[in-house]
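Heads up, the thing below is written out as C-alpha cells.
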C-alpha cells in the first residue's frame, strides 16, 4: 500500500509541474507592451522609466 501512495504522489507532482510549464510556455503576452519614458531630471541626468502594461484580465 505504501508503494502505491508514493507512486500516486509522484504522478500528481509530475502533472502539477507539467501544468505549470504549459501555462508558462503558452502565455504569449500578445496584449502586453512595455512603455519606455526617457526624461532629464533636475540635476541634468537622463532617467529611463519602463512600465509593463497588460490589457489581459489575467497576466500569469
Check your understanding: Name the pairs: first residue in region 40-53 and free of Cβ contacts under 8 Å to residues at least 12 places away in the same chain, second residue surrounded by 10 or more Cβ atoms within 10 Å (Cβ to Cβ), Cβ to Cβ under 9 Å, at least 6 apart or on different chains?
Key -> 40/47; 41/47
Check your understanding: Only one of (1) modelled with pLDDT of 90 or more; (2) not in a helix (DSSP H, G or I) is not met by residue 8, so which one is it?
Key -> (2)
**Study point:** Of residues in region 19-39 being assigned to a strand (DSSP E or B) and without any contact (Cβ under 8 Å) to a residue 24 or more places away in the chain, the one surrounded by the most Cβ atoms within 10 Å (Cβ to Cβ)
**Key:** 33
Check your understanding: Quick one: which of 42, 16 is surrounded by 10 or more Cβ atoms within 10 Å (Cβ to Cβ) and out of contact with any strand residue (DSSP E or B) (no Cβ under 9 Å at 6 or more places or on another chain)?
Key -> 16
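The values are calculated or read from the model by the stated rules, or taken from the named source; none is laboratory data. Keep in mind that what you see is a predicted model, and the values were worked out from it rather than measured. Cβ: placed from backbone, ideal geometry, glycine included. Neighbour counts: every protein chain shown.
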